[in-house]
Amino acid sequence: MRRHSLVLRIVGCLFLAQIIAFPIAWLVTIGIGLTGVEFFATSLDELSAIRAKKQIIASLAINEDKMLEIRPTPDLLEDLKRAPAMKFAAFRSLSRDPIAGSSPELIAMLKPLIEISPTHVHFILPGDPSAIRRGLMEPEWTPFGRLHIAVYGQKFRLGDIVDAAIEETRWLTAYLVMAILMSAGAAWFAVRWGLRPLRRVAVQASRIDMNSLDQRLDANDVSSEVGPLVDAVNDALARLDAGVARQRRFTANAAHELRTPINVLGVRLDAPEEPTFKNDLKRDHRRIRNIVEQLLASARLDQQSTRRDHTIDLVALTRTIIADAALLALKARRQIVLDAPSAPVLIEGNRPALESVISNVIDNALRAEPEGGAVHVRVAENATIEVIDHGGGVEETDRDLIFEPFWRKNDSIPGTGLGLAIARELIDAHGGRIWVEETPGGGATFKLAFPTIELD
């Protein structure tokens, strides 16, 4: 995958922003000037000074006396018709002499200024009621040497905006290029310097593997913009570390659970002459098979197997599960009593997963219920299921531990300790919750809560 440099991207954006900002700033300055704000005050007619100066330079010619004069071209004559008050003049920059054909009024007013060789003069002639500077005098290079060209009273044309923009760009190119280069260089070093903490974090991240998931990225020196990313990575590492730790505990506990029946099986194989040999082998086989099946069920808990892609009626599902378990309950001399609303209680979920959870909790309750007793199952309209038994109950200190994989109060309790752990994983995947409370009068009440959905 091709990677793009963040430094170059930022520098490029800065370069482009300045290129775009220059004409915008120029237009904004012109706009402010047209409003008459002091210092910025200008007019559209002032923009036509560039065109007028070019026309005057184009009108320069040598007369019969070998003297330089202003001989108006057709373009200049046309402008004079459009602006009868327009005046123009030209002065030699070295000798300060006016060029023939110049306006006598401008010669009289500007001749003293030529003595100090000004580079840029805006002016208003005496008696002009306008508050806007309508005149401009600047030195210009012409085919006849350097001259001071003065124009006054010219009229605006639409194309003058383009001429003015080109002229401003020509004069400011050096400043603009230097500003862009310096800002680009400054941005380059600033971004490179600013990304140093991120590069250090990248080095730290490259050192983390499956054997060092307890390490975390140092977020002390990173910027506030990068900080959330580093925190998110650290949170992900913490979750990954916890997940790997659970998997390692799961593997160790699985090996421990399998070791005992395998050792027992080995002892039985050493005494095949025992009369109960065949039945004992079948019992050991059944125990190992149950352990392996529960291990597989736990290992297969993933997003795909618990995808919530069906609308399920908790009342109907619970009634079906109880009907399947009723025969076993009767054989064990126990009963199952269902208390549920007549209307459907709908949730979104995976039917096989929910069947596994509810069946497991009811099966545990039947084993805990004293002989001759009844397990009560209640389905509430808020998508909560209560499975109530009247057995020995669960001590308060054990109510969180019973949902841990392979947990058993003691070795005399049958099973692998995976059933409730699997149930909690499945309910968590459904956005629900499972917990246990004490049954009034003795026993345990397991509660399962699910998010509900509304009927259309």
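Could you go through region 95-103 in sequence order and give the Karplus-derived ³J(HN,Hα) for each residue, using 6.51 cos²θ - 1.76 cosθ + 1.60 with θ = phi - 60°, rounded to whole Hz, and x for Gly and Pro?
So the J values, rounded to whole Hz, are 7, 6, 7, x, 8, 4, x, 6, 5.
Net charge near residue 438: determine it from the other residues with C-beta under 14 Å of the C-beta of residue 438, scoring Lys and Arg +1 and Asp and Glu -1.
Result for the local shell: -4.
Can you compute 3J(HN,Hα) from phi for each residue in region 315-322, using the Karplus curve 6.51 cos²θ - 1.76 cosθ + 1.60 with θ = phi - 60°, rounded to whole Hz and x for Gly and Pro?
Going residue by residue, I get 5, 5, 5, 5, 4, 5, 5, 5 Hz, with x marking Gly and Pro.
Multiplying the sequence separation of residue 25 and residue 220 by 0.36 nm and subtracting their Cα-Cα distance, what value in nm do you get?
66.2 nm
Provide the FRET efficiency to the nearest 0.05 for the residue 166-residue 206 pair, computing r from the beta carbons and using R0 = 51 Å.
FRET efficiency, residue 166 to residue 206: 0.45.
Sort 175, 152 by Cβ crowding within 10 Å, fewest neighbours at the top.
So the residues, fewest neighbours to most, are 175, 152.
Expected output is a single nm value to one decimal: the length gained when fully extending between residue 121 and residue 428, i.e. 0.36 nm times separation in residues minus the C-alpha distance. What is it?
Full extension from residue 121 to residue 428 adds 102.4 nm.
FRET efficiency for residue 244 and residue 175, Cβ-Cβ distance as r, R0 = 51 Å, nearest 0.05?
0.25
Once fully extended, how much extra length lies between residue 273 and residue 183, figured as 0.36 nm per residue of separation less the alpha-carbon to alpha-carbon distance?
23.1 nm
Give me 65, 324 sorted ascending by neighbouring Cβ count inside 10 Å, so fewest comes first.
So the residues, fewest neighbours to most, are 65, 324.
Under the rule a/c < 1.5 gives rounded, and otherwise a/b versus b/c splits prolate from oblate, where does region 310-449 land using the Cα gyration tensor?
oblate
Go ahead and run the numbers for FRET between residue 401 and residue 193, Cβ-Cβ distance against an R0 of 45 Å, rounding to 0.05.
Efficiency, rounded to the nearest 0.05: 0.30.
By count of other Cβ within 10 Å, fewest leading, how are 123, 91 ordered?
Starting with the residue having the fewest Cβ neighbours, the order is 123, 91.
For region 62-67, take each phi angle, set θ = phi - 60°, evaluate the Karplus expression 6.51 cos²θ - 1.76 cosθ + 1.60, and give the result in whole Hz per residue in order, putting x for glycine and proline.
9, 8, 5, 8, 6, 10
Straight-line reach from residue 87: which aspartates and glutamates fall under 12 Å, measuring Cα to Cα and dropping same-chain residues less than 8 apart?
Those aspartates and glutamates meeting the cut-off are 79, 105.
No lab work stands behind these numbers, since they all come straight from the coordinates. What you are looking at is a predicted structure, and each value in this text was computed from that prediction instead of being measured. With ideal geometry, Cβ positions are generated from the backbone for all residues, glycine too; neighbour counts draw on all protein chains shown.
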